[in-house]
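Derivation of every value follows stated rules applied to the coordinates shown; laboratory data play no part. The structure displayed is predicted, hence computed values, not measured ones. So basically every Cβ, Gly included, is an ideal-geometry build from the backbone, and we count neighbours across all protein chains shown.
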Amino acid sequence: MTDTIPASANTDSTVDIPRIFTVSESAHRIHNPITAEKLATLGAALRLDVGTRVLDLGSGSGEMLCTWARDHGIVGTGVDKSQLFNAQAKRRAVELGVAARVSFIHADATGYIADEKVGVAACLGATWIGGGMAGTIELLARSLISGGTILIGEPYWRQLPPSEEAAKGCLATAISDFLMLPELIASCGSLGYDVVEMVLADQDSWDRYEAAKWLNMRQWLDANPGDEFAADVRTKLTTEPERYATYTREYLGWGVFALMKR
Ligand code: SAH
């Protein structure tokens, strides 16, 4: 599908994400602690009509749009800053036979507003695009039809970390970076939205996201021993499993929240 690219899109071909992600998440179809099964549960839970337009900012390798186009007949546009993930998304669309229903734009999604309004506007695990959750909800709302649904994928504390050091171990900058689940839900209410659905990660789905990075890194190291980036990847592979098991797996939750304006 060819979409007209809105003037709000920064499509500079040099736009990209840090290299570590394209090594550690090279074989991921879903770049979040949510499994294919949970993504399918979410798609079914939303009761999507055939032909619903879906916008996805930070669409990664396109798994949500491609599978929902196949399973629910949605029409989708994804915007992502990674050249590799965007290329993978286009290949996945062809593989699932939905290339006529979804399009993927390689661009920085900061400030991105769709030319034609959508029934579902999503940002899963990339809310820095709008400067945080509130700003991203505001940005997505500008592309949404009245009565449409916003999807936000965001971390929360499963258990409050006992110290700022433990929060840093979860790769947060501070405990104040995230809320507990009831507070996160309450914050959506304060922004004027009903939370109408949610699908949450669990420790097993976190493992599918995090532990899959380790094999990606190991296989990359074995294939690229002389690469100038190899020392960085080696350090990460040596330290990540223990860091993850100690901190993220214990303290960090993650979920997708479906919101409708009150
Ligand atoms: N929503 C996808 C990807 C989540 S990972 C999924 O669930 O699989 C975060 C994604 O945001 C990555 O694909 C990364 O390339 C993308 N990204 C990061 N900053 C971005 C920006 N400013 N604009 C567009 N995409 C961005």
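Over the alpha-carbon set of the range 61-128, work out the extent along each principal axis and list the three values in angstrom, largest first.
Projected onto the principal axes, the Cα atoms of the range 61-128 cover 30, 28, 20 Å.
Mind ordering 191-202, 31-42 by average Cβ neighbours within 10 Å, highest first? Before the final figure, lay out each step's value.
Numbers: 191-202: 16.8, 31-42: 19.7.
Descending packing order for the listed peptides: 31-42, 191-202.
Just how many % of Cα pairs in the range 13-92 lie over 17 Å apart, if you round to the nearest whole percent?
Details: 1437 of 3160 pairs.
Of all Cα-Cα pairs in the range 13-92, 45 percent lie more than 17 Å apart.
Would you order W206, W68, W128 from fewest to most other beta-carbon atoms within 10 Å of each residue's own beta-carbon?
Going from least to most buried by this count: W128, W206, W68.
Which entries in the list K168/K236; K38/K81; K38/K213; K117/K261; K81/K213 go over 22 Å, if you measure between the two C-alpha atoms of each? The partial results should precede the final answer.
On the way: K168/K236 16 Å; K38/K81 25 Å; K38/K213 19 Å; K117/K261 15 Å; K81/K213 20 Å.
As for pairs spanning more than 22 Å Cα to Cα, those are K38/K81.
Specify whether the C-alpha gyration tensor of the range 1-153 places it in the rounded, prolate or oblate class, a ≥ b ≥ c being the square roots of the eigenvalues: rounded for a/c under 1.5, otherwise prolate if a/b is larger than b/c and oblate if not. Before the final figure, lay out the partial values.
Working: a/c = 1.29, a/b = 1.07, b/c = 1.20.
Since a/c stays below 1.5, the shape of the range 1-153 is classed as rounded.
Measuring from label point to label point, each 7 Å out along Cα→Cβ, what is the I113 to R47 span in nm?
So the label points at I113 and R47 sit 3.1 nm apart.
What's the magnitude of the charge dipole for the chain around its Cα centre, counting Lys and Arg as +1 and Asp and Glu as -1 at the beta-carbon? Answer in Debye, nearest 20. Walk me through the numbers before you get to the answer.
Numbers: 24 positive and 33 negative charges, 98 e Å.
Here the chain has a charge dipole of around 460 debye.
So for the range 22-82, averaging the separation of alpha carbon pairs under 8 Å that are six or more residues apart and normalising by length, what relative contact order in percent results? Kindly include the intermediate steps, with their values, before the conclusion.
Working: 69 pairs, mean separation 21.5, N = 61.
Reported relative contact order: 35 percent.
Between D232 and S163, what's the calculated FRET efficiency when r is the beta-carbon distance and R0 is 35 Å? Round to 0.05.
Numbers: r = 27 Å, r/R0 = 0.78.
Working from the Cβ atoms, E equals 0.80.
Would the range 126-262 count as rounded, prolate or oblate if I go by the C-alpha gyration tensor, calling it rounded below 1.5 in a/c and otherwise prolate when a/b exceeds b/c, oblate otherwise?
Details: a/c = 2.52, a/b = 1.82, b/c = 1.39.
Since a/c reaches 1.5 and a/b is larger than b/c, the shape of the range 126-262 is classed as prolate.
Under Stokes-Einstein, with the Kirkwood radius over Cα pairs standing in for Rh, what whole-number D in µm²/s applies to the chain at 20 °C and 1.002 mPa s?
On the way: Rh = 18.9 Å.
The diffusion coefficient I find is 113 µm²/s.
Report the gain in length on full extension from V196 to D222: 0.36 nm times residue separation, minus Cα-Cα distance, nm rounded to one decimal.
Value of the extension gain: 4.8 nm.
Could you tell me which of S146, A114, G43 has its Cα farthest along the dipole of the range 38-177 towards the positive end, charges placed at Cβ (Lys, Arg +1; Asp, Glu -1), taken about the Cα centre?
Final value for the positive-end residue is G43.
Q159: net charge of surrounding residues, Cβ under 13 Å, Lys/Arg +1, Asp/Glu -1, itself excluded? Please list the in-between numbers first.
Values: positive: R158, R249; negative: E250.
For residues surrounding Q159, the net value is +1.
Where does each of C170, C123 land when they are ranked from fewest to most other beta-carbon atoms within 10 angstrom? The partial results should precede the final answer.
Numbers: C170 22, C123 28.
Sorted ascending by nearby Cβ count, the order is C170, C123.
To the nearest 20 Debye, how big is the dipole of the range 106-193 about its Cα centre, given +1 on the beta carbon of each Lys and Arg and -1 on that of each Asp and Glu? Show your work: numbers first, answer last.
Values: 4 positive and 9 negative charges, 31 e Å.
It works out to roughly 140 debye.
Can you compute the helix-only [θ] at 222 nm over the chain? Use -39500 (n - 2.57) per DSSP H run of at least 4 residues, normalise by all residues, nearest 500 deg cm²/dmol. Walk me through the intermediate numbers first.
Working: 9 runs with 99 residues, N = 262.
Calculated at 222 nm, the ellipticity per residue is -11500 deg cm²/dmol.
Could you compute the FRET efficiency for V15 and A36, with r as their C-beta to C-beta distance and R0 at 30 Å, rounded to 0.05? Please report the intermediate quantities before stating the final value.
Working: r = 28 Å, r/R0 = 0.93.
It comes to 0.60.
Counting pairs of alpha carbon atoms under 8 Å apart in space and at least six apart in sequence, what relative contact order in percent does the chain give?
Numbers: 491 pairs, mean separation 57.6, N = 262.
This gives 22 percent for the chain.
How would you rank F104, F257, going from fewest to most other Cβ atoms within 10 Å of each one's own Cβ? It would help to have the intermediate numbers written out before the result.
Working: F104 29, F257 23.
Ordered from fewest to most neighbouring Cβ atoms within 10 Å, F104, F257 come out as F257, F104.
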